[in-house]
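Have a look at the structure below before the remarks.
Nothing in this text is a laboratory measurement; each read-out follows from the coordinates by a stated rule. All values derive from a computational prediction rather than experimental measurement. Every residue, glycine among them, receives a Cβ derived from its backbone with ideal geometry; neighbour counts consider all protein chains shown.
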Amino acid sequence: MSKPVRGTTKVLGIIGYPVRHSLSPLMQNAAIQGCGLDYIYVPFEVTPDNVGAAITGLKSLGVSGFNVTIPHKTAVMPYLDGLDDSAVASGAVNTVKNDGGRLIGYNTDGDGLVKSLADDLDFIPRSNSIVVVGAGGAARGAIAALCRAGAKQIVIANRSYDRAADLASAMSARFTGTEVSVSTGYADLLVRLPHIDLVINTTSLGMNSESIPFLPLHTLPCTAMVYDMIYSPSATPLLSEAAGMGLKAANGLGMLASQGELAFTIWTGEIPPSGLMRSALDAGL
């Protein structure tokens, strides 16, 4: 049985827009209960034009920490008091800790992705070539972590070339050991994909049954793998296409659990019981 909410209960949460679909409250409250802590984790729906006011409000209320999800991962950064190296490297924030009245931003998405790739696909980035679809906050966190993990080459495929080019330039300057480049479109990917080891979708394409029209998945080698950060629905068109080709593939549920475990430890100093968050997510879905 969960503990009652009292005057001593510390508040954690998540901000996003929309946020009602988030499974973070499910897994974080399971971890809180599993560790026997006097915390509660709640969702806060924040529209893009209210991000600054929301951050000020959460700080004033003494909220202990919160996650940040789409579309606020970069928008929150100017309102924070400091950034961890993980947030600086990725240029995005998904976790904020209230450290004695100072809000410090972190990024656990990237490391959560790398752990999920190992757990769910038995894939290690080192010396491999990867296509990352998207150039937003999720892509930034992913690329930074993949570079830190020793990826040989990362190709950014995005509908807006200029945004992808800016991201590639920033990552190339910071991580000189990885070649980061930008795809110029469908014809370019036809040439590149036969030499790719992994494709990662960091966008929302697929959440509403959309395909990714500029991604000729059929040209991947039979040894390649596909990872979709989307976890609901569990089988996106991208993953269904990969399965139809016999490619090893996984959705983002493992990443969600792994980044959540890291955030939980940042806030509480506790390590949640192994597998508890993932079990809570599986049960919830």
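Of note:
- The residues D228, D120, when put in order of fewest to most other Cβ atoms within 10 Å, stand as D120, D228.
- Cβ-Cβ distance of R102 and L190, R₀ of 41 Å, FRET efficiency by 1/(1 + (r/R0)^6): the value works out to about 0.25.
- For the range 109-207, the residue among S116, A157, G177 whose Cα projects farthest onto the positive side of the dipole built from Cβ charges is G177.
- Assigned charges on the beta-carbon of Lys, Arg, Asp, Glu; the range 110-251 dipole about Cα centre (debye): 300 debye
- A rounded overall shape is assigned to the range 137-205, the ratio a/c of its alpha-carbon gyration tensor axes (a ≥ b ≥ c) being less than 1.5.
- S127 versus D38: modelled label distance in nm, points set 7 Å from Cα along the beta carbon direction: 5.3 nm
- Amide hydrogen neighbours beyond the local backbone of D99, cut-off 5 Å, H modeled: I104
- Lysine-lysine proximity count for the chain, Cα under 16 Å, sequence distance 8 or more or distinct chains: 4
- Size of the range 110-251 as Cα extents on the principal axes (Å, biggest first): 37, 31, 26
- Per-residue HN-Hα couplings for the range 71-78 [Karplus 6.51, -1.76, 1.60; θ = phi - 60°; Hz; x = Gly/Pro]: x, 9, 5, 9, 5, 6, 4, x
- The Cβ shell under 12 Å around A31 holds other residues with a net charge of -1, Lys and Arg each +1, Asp and Glu each -1.
- Pairwise FRET efficiency - R163 versus S60, Cβ, R0 = 35 Å, nearest 0.05: 0.55
- Counting DSSP beta bridges with both ends in the chain, the antiparallel % (nearest 5): 20 percent
- HN-Hα J in Hz across the range 143-154 - Karplus 6.51, -1.76, 1.60, θ = phi - 60°, x for Gly and Pro: 5, 4, 5, 5, 5, 4, 7, x, 4, 6, 8, 10
- Each of T69, T202, T56 was scored by other Cβ atoms within 10 Å of its Cβ. Listed from fewest to most, they are T56, T69, T202.
- The H on the amide N of M225, modeled in the peptide plane, is under 5 Å from the matching H of L198, V199, each at least 5 residues off or on a different chain.
- Extreme residue, positive dipole direction of the chain, given options I196, Q33, V132 (C-beta unit charges): Q33
- The packing ranking, built from the mean of other Cβ atoms within 10 Å per residue, places the peptides 9-15, 229-235, 254-260, 240-246 in the order 254-260, 9-15, 229-235, 240-246, highest first.
- About the Cα centre, charge dipole magnitude for the range 4-96 (Lys/Arg +1, Asp/Glu -1 at Cβ), debye: 240 debye
- Size of charge dipole - the chain - debye, nearest 20, with Cβ of Lys, Arg +1 and Asp, Glu -1, no other charges: 320 debye
- Order of R159, R140, R192, R102 - criterion: other Cβ atoms within 10 Å of each residue's Cβ, fewest first: R102, R159, R192, R140
- Between the amide H of Y39 and those of K10, distances stay under 5 Å, these residues lying 5 or more places away or on another chain, with hydrogens modeled in the peptide plane.
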